[in-house]
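The structure appears right after this line, and notes come after that.
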Amino acid sequence: MKVYQKNKDDFCGIYAESFCNEGSVVYTLTDTIKLLNPTRTSIRIQENMHVEDEIGRYINHSCYPTCKIDGLNVVAVKDIQQDQEITFNYTENEDFMASPFKCKCCDRIIKGNKQ
């Protein structure tokens, strides 16, 4: 499946180019840049391992995500329609957030699942 980047409401996000079935790999992150500690734009792929990815850095948080992170794969947790935003729940994936923020969905501070 192919994804594309676009700006919406002053935020950059990643969107589906076409329909994607639940359970399908939507995108595969690259592991060229591996980090022990999180950055504002990194994604945790395993304990004490984060990656910086040129597309992944723009996958936004949602309390009602379309995807989850499974190793290097971004996997659909429900059917995704064409032009629907690709999101994942940072609190389910990230132990610690390098840059905590206030969630637009729930109005809580998102800071990782171990903080």
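The values are calculated or read from the model by the stated rules, or taken from the named source; none is laboratory data. Treat the numbers as computed from the prediction; the structure is a model and nothing was measured. Glycine gets a Cβ as well: all are built from the backbone with ideal geometry, and neighbour counts include every protein chain shown.
Things to note:
- Qualifying residue in segment 1-14 (condition: farther than 24 Å from Asn113 by Cβ, polar (S, T, N, Q) and surrounded by 12 or more Cβ atoms within 10 Å (Cβ to Cβ)): yes
- Answer residue from segment 103-115, given it is part of a loop (DSSP other than H, G, I, E, B) and among the hydrophobic types (A, V, I, L, M, F, W, C) and is farthest from the chain's Cα centre (by Cα) among those: Cys106
- Tally of residues being touching a strand residue (DSSP E or B) at 6+ places or on another chain (Cβ under 8 Å) and outside any helix (DSSP H, G or I) across segment 44-63: 12
- In segment 53-67, the residues that are under 17 Å from Gln81 (Cβ atoms) form Cβ pairs under 7 Å with partners that are basic (Lys, Arg) and modelled with pLDDT of 95 or more, at six or more places apart or across chains, as follows: Thr66/Lys78.
- Within segment 16-31, being at pLDDT 95 or above and surrounded by fewer than 18 Cβ atoms within 10 Å (Cβ to Cβ) holds for Glu17, Ser18, Phe19, Asn21, Glu22, Gly23, Ser24, Val25, Thr28.
- Identity of the residue in segment 21-36, touching a helix residue (DSSP H, G or I) at 6+ places or on another chain (Cβ under 9 Å) and part of a loop (DSSP other than H, G, I, E, B), that ends up farthest from Gln81 (Cα to Cα): Thr30
- Taken over segment 64-101, residues that are in a loop (DSSP other than H, G, I, E, B), among the acidic types (Asp, Glu) and surrounded by fewer than 16 Cβ atoms within 10 Å (Cβ to Cβ) amount to 3.
- Residues that are hydroxyl-bearing (Ser, Thr, Tyr) and within 12 Å of the chain's Cα centre (by Cα) were ranked within segment 65-102; the one that is farthest from Val51 (Cα to Cα) is Thr66.
- With respect to being at pLDDT below 95, in contact with a helix residue (DSSP H, G or I) (Cβ under 6 Å, 6 or more places away or on another chain), surrounded by 12 or more Cβ atoms within 10 Å (Cβ to Cβ) and not in a strand (DSSP E or B), Thr41 fits the description.
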